[in-house]
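First comes the structure, then the notes that go with it.
The values are calculated or read from the model by the stated rules, or taken from the named source; none is laboratory data. Predicted model only: the values in this text are computed from it and were never measured. Cβ atoms come from the backbone with ideal geometry, glycine included; neighbour counts cover every protein chain shown. The protein model used for the area step is the full one, side chains on, heavy atoms only, and it has no ligands, DNA or RNA in it. Shrake-Rupley method; radii C 1.70, N 1.55, O 1.52, S 1.80 Å.
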Amino acid sequence: MQLEILGQPNYVASWSVAGIPGFIQTVLDRWQRNNGELPDRFMLVACPQVEINALGGLPDRVRELTNPRLRFQHFTGCHKPYLVIMIVGEDAGARREMVQKMLSWSEGYQVEYVDRTTRLRFIEATEECEDTAG
């Protein structure tokens, strides 16, 4: 399956984990192997684990807004851990927005499958989180 990233600004592409060949697709494939088919459309947030550690762990509010079965720790090719969160449901967009405000250096996408292509439509990147209350 191919991966296509749409609308990602160059300044985000310079540090984006989504741009690492195979990273996102491997996470999605792993979920499908363990849990079956993913929805045709959902939200995805990726954040370096080091940023979550700097907060003292994943904020409680992020835990409340997300499903533990849809949160993955996955490593880049150079062994840097990332938390990848998939958010599904009618309110996925609103929950993604709230989650990203609490996670520094996170990137958010709408994901959809179209003609054997996984399409990531860039929504936003959060460099410094606004709210670390957990």
Return the total of residues in region 72-100 being among the basic types (Lys, Arg) and modelled with pLDDT of 95 or more.
2
Within region 21-31, which residues are part of a loop (DSSP other than H, G, I, E, B) and either touching an Asp or Glu at 6+ places or on another chain (Cβ under 6 Å) or open to solvent by 60 Å² or more (accessible area, probe 1.4 Å) (or both)?
21
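Can we say residue 101 is charged (D, E, K, R), open to solvent by 20 Å² or more (accessible area, probe 1.4 Å), more than 25 Å from residue 113 (Cα to Cα) and in contact with a Pro (Cβ under 8 Å, 6 or more places away or on another chain)? Spell out the reasoning first.
On the way: charged (D, E, K, R): yes; open to solvent by 20 Å² or more (accessible area, probe 1.4 Å): yes; more than 25 Å from residue 113 (Cα to Cα): yes; in contact with a Pro (Cβ under 8 Å, 6 or more places away or on another chain): no.
Judged against the criteria, residue 101 is not a match.
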Quick check on my filter: what residues within region 32-56 are surrounded by 15 or more Cβ atoms within 10 Å (Cβ to Cβ) and either touching a strand residue (DSSP E or B) at 6+ places or on another chain (Cβ under 7 Å) or modelled with pLDDT of 90 or more (or both)?
42, 43, 44, 45, 46, 47, 48, 49, 51, 52, 55
Among the residues of region 73-90, which ones are under 21 Å from residue 12 (Cβ atoms) and surrounded by 14 or more Cβ atoms within 10 Å (Cβ to Cβ)?
74, 82, 83, 84, 85, 86, 87
Condition (residue is touching a Phe, Trp or Tyr at 6+ places or on another chain (Cβ under 7 Å) and in a loop (DSSP other than H, G, I, E, B)) applied to region 83-103: is it met by at least one residue?
yes
Give me the pairs: first residue in region 107-130 and closer than 18 Å to residue 20 by Cα and open to solvent by 30 Å² or more (accessible area, probe 1.4 Å), second residue basic (Lys, Arg) and assigned to a strand (DSSP E or B), beta-carbon distance under 6 Å, and six or more apart or on different chains, which are they?
110/121
Could you count how many residues in region 89-101 are within 22 Å of residue 19 (Cα to Cα) and touching a Lys or Arg at 6+ places or on another chain (Cβ under 9 Å)?
1
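With the requirement that a residue be touching a residue at least 60 places away in the same chain (Cβ under 8 Å) and surrounded by fewer than 18 Cβ atoms within 10 Å (Cβ to Cβ), what does region 6-20 give you? Before the answer, list the steps.
Pass one, region 6-20, residues touching a residue at least 60 places away in the same chain (Cβ under 8 Å): 6-9, 12, 15-18.
Hits for region 6-20 are 6, 7, 9, 12, 15.
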